[in-house]
1. So LEU85 ticks every box in (1) out of contact with any strand residue (DSSP E or B) (no Cβ under 6 Å at 6 or more places or on another chain); (2) of a type outside the set (Phe, Trp, Tyr); (3) surrounded by 14 or more Cβ atoms within 10 Å (Cβ to Cβ) but one. Which box is left unticked?
2. Does VAL109 fit the bill of being touching a helix residue (DSSP H, G or I) at 6+ places or on another chain (Cβ under 6 Å) and closer than 18 Å to SER19 by Cα?
3. From GLU120, GLU185, GLU116, grab the single residue that is out of contact with any strand residue (DSSP E or B) (no Cβ under 7 Å at 6 or more places or on another chain) and either under 29 Å from ALA75 (Cα atoms) or surrounded by 14 or more Cβ atoms within 10 Å (Cβ to Cβ) (or both).
4. In the stretch 61-82, what residues are closer than 27 Å to GLU130 by Cβ, within 8 Å of ligand 1 (Cβ to nearest atom) and either outside any helix (DSSP H, G or I) or open to solvent by 80 Å² or more (accessible area, probe 1.4 Å) (or both)?
5. Could you please give the count of residues in the stretch 46-77 that are touching a residue at least 60 places away in the same chain (Cβ under 8 Å) and within 20 Å of GLY11 (Cα to Cα)?
Amino acid sequence: MNIVILLGAPGSGKGTIASNLAAENTNLKHVSSGDLLRGAVAKGTAAGVEAKAYMEKGSLVPDALIAEMIKDVIAETEGDVTMLLDGFPRNVAQAEILEKTQAPIKSVVLVDVPDEIIAERISGRRSCPECKAGYHVKALPPKVEGVCDKCGAALVIRKDDNPDTVKDRLVVYHNETEPLIAFYEAKGLLKRIDGNQEPQKNAEAFKAAM
Ligand code: ADP
Ligand code: ZN
């Protein structure tokens with residue numbers, strides 16, 4: 001098992017890239033911290049109950065809470081698998097927790113998208129509450145409006161995708177997550193791709209970089 005970390009702002013498209021690549025390659029496993037947390041919230045586990053308020057505000061949940069979930073997934077992932085780790089680590093403290101697991105990090109890919117474009121992307125974002133597929137009303141519309149192509153469920157707008165919360169999430173990204181760029185650059189692991197392209201092109205650029 002090894003790990004490729006996806007770095008990028010909320011709405012950078014890293015989740016879409018990772019889930020599309022994982023769907024077409026059985027050696028890739030997409031692990032999204034946001035999906036793990038939303039799953040815990042939906043199930044009403046102790047971690048989910050604790051995480052809910054942080055998520056709705058657009059702030060980070062406590063490091064230990066998400067780190068325990070990620071460590072569990074790492075522990076249960078064996079064999080010839082590359083984990084596409086999406087949304088974790090989100091700050092330097094989490095990156096240090098990840099180092100301690102000694103899971104080998106193959107590369108860190110920064111999906112680069114300007115803030116102006118992020119806001120527009122998130123406002124059109126729709127997601128499937130059942131299978132977690134992501135859509136966009138303009139850039140990546142489902143075949144039938146409001147309906148998931150993959151599983152037929154009704155698409156939803158995530159609570160934390162409202163414009164005010166999006167602003168807060170971008171601030172959190174710049175303050176807490178961006179320092180990871182220098183952190184991984186210093187280790188010689190960082191690659192950058194232009195995330196401001198069509199989904200298919202983004203995925204190709206990512207594959208080439210990882
Ligand atoms: P996005 O990347 O679009 O912001 P995510 O689905 O990755 O969305 O995350 C949604 C929310 O889940 C975040 O705003 C935050 O509250 C929480 N979260 C996800 N990953 C982490 C993490 N590694 N550390 C702390 N909180 C996290
Ligand atoms: Zn679905």
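The values are calculated or read from the model by the stated rules, or taken from the named source; none is laboratory data. Predicted model, so just to flag it, every value in this text is computed and none were measured. In this analysis, Cβ positions are derived from the backbone assuming ideal geometry, glycine residues included, and neighbour counts consider all displayed protein chains. Accessible surface is based on the protein model in full, side chains and every heavy atom, while ligands, DNA and RNA are left aside. Shrake-Rupley method; radii C 1.70, N 1.55, O 1.52, S 1.80 Å.
1. (1)
2. Working: touching a helix residue (DSSP H, G or I) at 6+ places or on another chain (Cβ under 6 Å): yes; closer than 18 Å to SER19 by Cα: yes.
Against the criterion (touching a helix residue (DSSP H, G or I) at 6+ places or on another chain (Cβ under 6 Å) and closer than 18 Å to SER19 by Cα), VAL109 qualifies.
3. Numbers: GLU120 fails: either under 29 Å from ALA75 (Cα atoms) or surrounded by 14 or more Cβ atoms within 10 Å (Cβ to Cβ) (or both); GLU116 fails: either under 29 Å from ALA75 (Cα atoms) or surrounded by 14 or more Cβ atoms within 10 Å (Cβ to Cβ) (or both).
Residue meeting the stated conditions: GLU185.
4. VAL61
5. Residues meeting the conditions: 6.
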